[in-house]
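The values are calculated or read from the model by the stated rules, or taken from the named source; none is laboratory data. From a predicted model like this one, the values you see are computed outputs, not experimental measurements. Cβ placement follows ideal geometry from the backbone for every residue including glycine, while neighbour counts extend to all protein chains displayed. Side chains included, ligands, DNA and RNA excluded: accessible areas come from the protein's heavy atoms. Shrake-Rupley method; radii C 1.70, N 1.55, O 1.52, S 1.80 Å.
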Amino acid sequence: MSQREWSYSFVEDVQKHSVHTLVFRSLKRTHDMFVADNAKPVEIDDESHKVKMTIKQHTEYGPVLHMPIQREAREKGPHIVGNSYEAYPAIHGPESDYVVTGTHPYPSGPGVALTADTQIQRMPSESAAQSLALALPSSQSRLDAQRTAAGVGEIYRRPGIPEHSQPSVLSLAVMEAGGTKNSILMAKKAPTMPKPQWHPPWKLCRVISGHLGWVRCIAVEPGNQWFVTGSADRTIKIWDLSAGKLKLSLTGHISTVRGVIVSARSPYLFSCGEDKQVKCWDLEYNKVIRHYHGHLSAVYGLDLHPTIDVLVTCSRDSTARIWDVRTKASVHTLTGHTNAVATVRCQAAEPQIITGSHDTTIRLWDMVAGKTRVTLTNHKKSVRAVVLHPKQYTFASGSPDNIKQWKFPDGNFIQNLSGHNAIINTLAVNSDGVLVSGADNGTMHLWDWRTGYNFQRVHAAVQPGSLDSESGIFSCTFDQSERRLITAEADKTIKVYKEDDTATEETHPVSWKPEIIKRKRF
């Protein structure tokens, strides 16, 4: 048959059947091919399944297989454990040790097979087990040493047996503890935020007016009788803390006063401003007695060292300076920031100086050497506020991205306090763990320091006659009793807050749910 005739007959043969029949046949062939049990796994018999499970058990749970035995031994008591030794034959009389078989001291060494002609060996002492462990690989030695020590500890000897074979204190301790691996086997719970401490809410109790410009800075004197404010009207005013009355106005700056602080060691008040000046006022004469010259631009903040007569200032010229209070000498110029330094804090412990800058970094400084110890680059925006915790060895920094808490001395990150989505100008914290953040838009958030729980948000109304846009908090601080909170605001007022004495945990409950912590690494 020629090629042409064959192809013609094949076409004829195919065309004899309908499309439906052809499709059905194709489906049947496919079904027969794939339903056949050619690839079906062989049924597992009981013997091979038992061997497989034994190997799997030994591989995955080998380090803890001895734990149920110890538990049974503890529950039954030593007298029953003693009876179990009826099964062990005494080869060399009542004074001899019990025996085990194996080519190596019990437990068998790794990779050594037991044979029919294994010698009878004495039960190893604990020291022998430890020496064996030293010869094993590191991980295996730890597991076997623990297992052997526990095993030796379980063997209680009958009366009259030599003292050296009695269980040692170490063995019993390991036995009682149930080995050292049980903590690893326990399922780790996801870390949850601890319940926040309850804090009473704070309420506005007084509004003090008198400045003719933005109130930029505030400080309370150590005796808690009065406090000082500095303003954009170029004056420094001293107010009676309890009555809220003006006691004194000091003039001398020729531009906005950006920082004030009262010395606890002498009757001095220090101030700095946008006129590049740093002044020391003698409060007995209410006059300037010293000027500290050196900054090349506006001075944004200052702080006094708590134990030595040193003043630290920070400026828009990207530097911070350390001054000797008495001699007015510039001891160190701390350089390294690449933009204006907005805030500076001092403490007695190392690192003694902390600065926050518009270059988004925080620097911890070695005051003696005048050099940076640590630079923290975690913030993404300007750092305008830093506060030190009065009791813990920690601090917080505020930036428009969030508030971050850190540990001294190396600046290890603790946690983020997110939610105050504004330019944070000021931070304050008291011994009870209440952290206050004040922002450029006039909002004030109160946080629990330990957990970062935001328990209150305050937005006080502006002074009558002011624009709503003048709602801004530039500075805040607690008084020495830590029962009053004083804020310096853009509506030219000073606001005093205090705890609500009528509030209880029932009237103002903590709205808190134990969530899984999703902490950022930085």
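For this structure, a couple of remarks:
- Cα coordinate range in the stretch 378-462, projected on the principal axes (Å, largest first): 40, 29, 17
- Once you reduce the stretch 317-378 and the stretch 216-291 to the center of their Cα atoms, the two points are 23 Å from each other.
- Theoretical gain in end-to-end length, T375 to R457 [0.36 nm per residue, Cα-Cα removed]: 26.4 nm
- Measuring with a 1.4 angstrom probe and ignoring ligands and nucleic acids, S209 comes out at about 70 Å² accessible.
- Computed E for M33/I55 - FRET, C-beta separation, R0 51 angstrom, nearest 0.05: 0.90
- The listed residues F24, F395, F34, F413 rank as F34, F24, F413, F395 when sorted by accessible area, largest first, using a 1.4 Å probe.
- Set of lysines with alpha-carbon distance to K513 below 19 Å, sequence-local pairs under 8 removed: K189, K195
- For the stretch 265-324, the share of alpha carbon pairs falling in successive 5 Å distance bins from zero is 4, 19, 31, 23, 16, 6, 1 percent.
- Long pairs among K287/K328; K203/K492; K407/K492; K245/K492, criterion Cα-Cα beyond 24 Å: K407/K492
- Accessible surface, 1.4 Å probe, highest first, among residues D432, D448, D359: D432, D359, D448
- Hull shadow area, averaged, the stretch 302-351 [alpha-carbon convex hull, nm²]: 3.4
- For K498 and I254, the FRET efficiency from 1/(1 + (r/R0)^6), where r spans their Cβ atoms and R0 equals 35 Å, is about 0.45.
- Applying 1/(1 + (r/R0)^6) with r as the Cβ-Cβ distance of I308 and K195 and R0 = 56 angstrom yields a FRET efficiency of 0.85.
- For q = 0.09, 0.14, 0.18 Å⁻¹, Debye-computed log10 I/I(0) when each Cα of the stretch 213-422 counts as one equal scatterer: -0.33, -0.82, -1.31
- Order of exposure, largest accessible area first, which applies to M53, M367 with probe 1.4 Å: M53, M367
- Percent carbon-and-sulfur accessible area, the stretch 213-422, ignoring ligands, DNA and RNA, probe 1.4 Å: 46
- Full-extension gain in nm, H293 to Q480, via 0.36 nm per residue minus C-alpha separation: 64.2 nm
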